[in-house]
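The values are calculated or read from the model by the stated rules, or taken from the named source; none is laboratory data. For clarity, every value in this text was computed on a predicted model and none was experimentally measured. For neighbour counting, all protein chains shown are included, and Cβ atoms are generated from backbone atoms with ideal geometry for every residue, glycine included. Side chains are part of the model used for accessible areas, which takes the heavy atoms of the whole protein and leaves out ligands, DNA and RNA. Shrake-Rupley method; radii C 1.70, N 1.55, O 1.52, S 1.80 Å.
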Amino acid sequence: MDSATLSRILTAETLGFHIIWATIGVGVPVLISLAEAWGIYKKDPHYILMARRWTRGFVITVAVGVVTGTSIGLMLSLLWPRFMQLVGNVISLPLFLETFAFFFEAIFLGIYLYSWDRFKKPVYHWLTSIPIVIGSTFSAIFITTVNAFMNTPAGFTIKNGELTNIQPLTAMFNPATPTKVAHVLSSSYVTCAFLLAGIAAYCLLRGRNHSYYKKALKMTMIAGFILALATAVAGDLSGKFLAKHVPEKLAAAEWHFETQTKAPLILGGYLDENNEIKGAIQIPWALSILGKGTPNGEIIGLNEFPVDERPPLYLHYLFDGMVLIGSYLIIISLVFLIVWWRKKNLWNPWMLRGIVLAAPLSFIAIELGWIYAEVGRQPWIIRGLMYTNEAATTADNVGTLLVVFSLLYLALTLISIFVLIRLFRKKSVEKELEERRIIL
Amino acid sequence: MQLEIIGITVLWTFLYGYVIVASIDFGAGFFSYYSMLTQKDHIISRVISRYLSPVWEVTNVFLVFFFVGIVGFFPDTAYYYGTALLIPGGIALLLLSIRGSFYAFANYGARQSRIYHFLYGMTGLFIPASLSTVLTISEGGFIRQTGDGNIIFLPETLLTSPYSWSVVFLALVSVLFISAAFMTYYAYKAADRPAFEILRRYALFWSGPTILASIWVFMALYQHNPTHFYNMLDIAWVFLFSLVCCLGAIYLLWWRKALGCSFILVMLQYAFAFFGYGYSHLPYLLYPYITVQSGLTNSTMGWALVIAFIAGLFLLIPSLFLLLRLFLFSARYVRGEK
């Protein structure tokens, strides 16, 4: 394989691995901060313990997030030197700001971790969680603007092959930025709500029915429902953004070939040799509504684009998977809330199983979404400006690097899972409640 | 002031910050592993983990900051160094990943493991060695540009160059010296007498090799890049100051006096040497291909970065101050009472 293909594989692998930890890094602090705030407000030590335990697991995941984040940061220069050269000229501002946001987060994470009992008033300790939330969220925002720039580059003009008239802020707030940021943030938050809910539900399923778990589950499910709705709204706005600014990406995901109004939304199915859609569920008008907000909206089809500038058609399945999982998250949390409101048996094993399942599913949705976002931009690395193949390194040995880093990611996954399991097994909630003399 | 000078000064200052904080971190990892081998870990490991725990993540950011900053201010470096450094950079990256994650596994993962400890200790030596090759490459002679603009890295030249090895050696002994000097001070503040004595001995032990390694680097540079060498001679007083600071630090360590001052002298020793080296390296970022003028980004972006940097400092300095106050200058925390 040539260096470009190998570089793509290595980058995909690194990003796919990093995004798991990055999502946890962005979302979990919000829930930790929420739990601690609620615990202080209600004077309920269970929530405080929740914040403590989540933090303990969070540190491990953050460490892996930091190293993989450093990896992807450096790898972009090593594997895509031409790309980074251009990025340096036009969109380096948010990259630079991202390091500040992360710096800020890192400092306060250190403080938060080691100052649980150092302040006279607990609320001071809670206050140190705010910079962590701000830092991690802004890290995500800044980095997402760079990715948005790759989809809809802006803030410069090209004269005789030279970049001129560069406007860093316009580049940063390019057309893709608002919807992309909203979708990335809301989906990170919702994934973490379901991750923590899944863990609580799992413990309840295993017969550990301390009220600690029930409180954790209720809290995360309320958050999960709100955030799942927010993610759906952000996703809908992203669809409208795509229809207007990056129509080929939406068209590829929807197997939408002919430009038309009252376009149907296609679920599942397959394409035969003549690119005819078979076996799919067609929801009339729905694609026009998703893209333009009205059935009469005209959706641009894939046939308007040259064949060598179309993204691959398997994107359809990724898109469908993401949407289905998103809907599942809304449904399961809604059912939970209705059952709770009707005062029925909330701890029904089927309900709990459904919630446990939601945790891995939401991570799969994140992966599907990112693959869709990145592959959907192909063959461009910066849409309309630079082809992916042109940007790759000319150096050999990418293959070696690929093997080494694959092994590293595999090892890190296994060890971190192992470490996390042992960490929490060794100190169960019940034991810790007893040690801290928390009796309610 | 000119944009390129502001840019490179900011970046160089951050790199200096990384050299200091990362050296403390790398060396501490090595010492803690070494003390485990010699069964002295019960004496010094507490002091080390007390210091490292809250700050390790911050260390990493200095490095990320530097390389993001250099791509921002001098985009051409991304192309040249990015192409050339695929393998050395990949190795450094691998080691950094191993180190960061295994630190967390060992530290927060509830159980002490010899393997985690080993990885953590040894990467502390290999990372500075591999990172230092970037500075070596910047002296020129290890990268060739072909007629059609492609960049070719010459690994054999790098591996057989005496200059390259002198830099690696200097990096290693500096890491151990800086770290031991700091840890001595920290143990002293923690009123941990046995740890203090051991760490002081380490610091004194590594001070001599530091001076020798510096002289070796000078001589090797004369062979490798005489222009740069003569530029350094023009500002020889800077390097003499560095030597004086080093001797002062050794004097204070020896007589167990003013250990805080002693560590500040070590920082000054490296500040003089590092900025002296950087100043005489100018205008080249990569000899002879990129200078700070030729590699500079457009001025709009450059000034945007400078403004972002100043705004960022307003946020970071108070936060860093809070971190240091809570964990470094809080006698009660250092002593382990809280």
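Quick notes on this one:
- Kirkwood hydrodynamic radius (C-alpha pairs) into Stokes-Einstein, the range B:246-332, 20 °C and 1.002 mPa s, D in µm²/s: 128 µm²/s
- Net charge of Cβ neighbours under 15 Å - reference B:Phe65; Lys, Arg +1; Asp, Glu -1: -3
- Listed by chain and number, the lysines whose alpha-carbon sits under 30 Å from that of A:Lys159, ignoring those within fewer than 8 places in the same chain, are A:Lys180, A:Lys244, A:Lys249.
- Three-way shape call for the range A:327-440 based on the alpha-carbon gyration tensor, with the a/c threshold at 1.5: oblate
- Signed unit charges on C-beta, dipole axis of the protein assembly as shown, positive-most listed residue A:Leu169, B:Trp12, B:Val47: B:Val47
- For residues of A:53-65, the mean tally of beta carbons on other chains within 10 Å: 3
- Interface area, chains A and B: about 5900 Å² of buried accessible surface, summed, with a 1.4 Å probe and ligands, DNA and RNA left out.
- On the principal axes of its alpha-carbon atoms, chain B has extents of 62, 40, 40 Å, going from largest to smallest.
- Compared with the dominant principal axis of the Cα atoms in chain B, helix B:193-224 is inclined by about 20°.
- HN-Hα J in Hz across the range A:158-172 - Karplus 6.51, -1.76, 1.60, θ = phi - 60°, x for Gly and Pro: 9, 10, 6, x, 10, 7, 10, 6, 7, 10, x, 6, 5, 4, 5
- Evaluating 6.51 cos²θ - 1.76 cosθ + 1.60 at θ = phi - 60° for every residue in the range A:311-318, the Karplus couplings come out as x, x, 7, 5, 3, 3, 5, 4 Hz, glycine and proline recorded as x.
- Taken over the C-alpha atoms, the range A:123-258 has Rg and Dmax values of 20.3, 70 angstrom.
- Remark: chain A carries a charge dipole of roughly 2620 debye about the Cα centre, counting +1 on each Lys and Arg Cβ and -1 on each Asp and Glu Cβ.
- Taking the convex hull of Cα positions in the range B:181-282, its mean projected area over all directions (nm²): 6.3 nm²
- Positive-end residue of B:Gly312, B:Leu63, B:Phe177, charge dipole of the range B:3-334 with Cβ unit charges: B:Phe177
- Largest to smallest in accessible area, the residues A:Met219, A:Met75 fall in the order A:Met219, A:Met75 (1.4 Å probe, all protein chains included).
- Within-14-Å neighbourhood charge of A:Ala182 [Cβ basis; K, R +1; D, E -1]: +1
- Cα gyration tensor category, rounded, prolate or oblate, for the protein assembly as shown with a/c compared to 1.5: oblate
- For the range B:252-329, chymotrypsin sites (Phe, Trp or Tyr not before Pro) meeting the loop criterion (DSSP other than H, G, I, E, B) and having at most 16 other Cβ atoms within 10 Å: B:Trp255, B:Phe329.
- The range A:259-398 shape via C-alpha gyration tensor axes, a/c threshold 1.5: oblate
- In degrees, nearest ten, helix B:114-138 long axis to first principal axis of chain B (Cα): 30 degrees
- Fluctuation leader among A:Leu410, A:Leu242, A:Leu346 - chain A, Gaussian network, Cα springs under 10 angstrom: A:Leu410
- Nearest-ten-degree value, helix A:3-42 long axis tilted from longest Cα axis of chain A: 30 degrees
- Per-residue HN-Hα couplings for the range B:256-268 [Karplus 6.51, -1.76, 1.60; θ = phi - 60°; Hz; x = Gly/Pro]: 6, 10, 5, 5, x, 4, 4, 5, 4, 4, 4, 4, 5
- Entry for chain A at q = 0.13 Å⁻¹: log10 I(q)/I(0) = -1.24, Debye formula applied to identical alpha-carbon scatterers, no solvent contribution.
- A:Ile141 sits among other residues whose Cβ lies under 11 Å from its own Cβ, and their net charge, with Lys and Arg +1 and Asp and Glu -1, is 0.
- Electrostatic dipole magnitude of the range B:3-334 [Cβ: Lys, Arg +1; Asp, Glu -1; Cα centre; debye, to 20]: 1420 debye
- Charge dipole of chain B about the Cα centre (unit charges at C-beta), most positive-ward option of B:Phe241, B:Thr300, B:Leu154: B:Phe241
- Built amide H within the under 5 Å cut-off of A:Met386, gap 5+: A:Ile381
- Computed with a 1.4 Å probe over protein heavy atoms only, the accessible area of B:Ile152 comes to about 60 Å².
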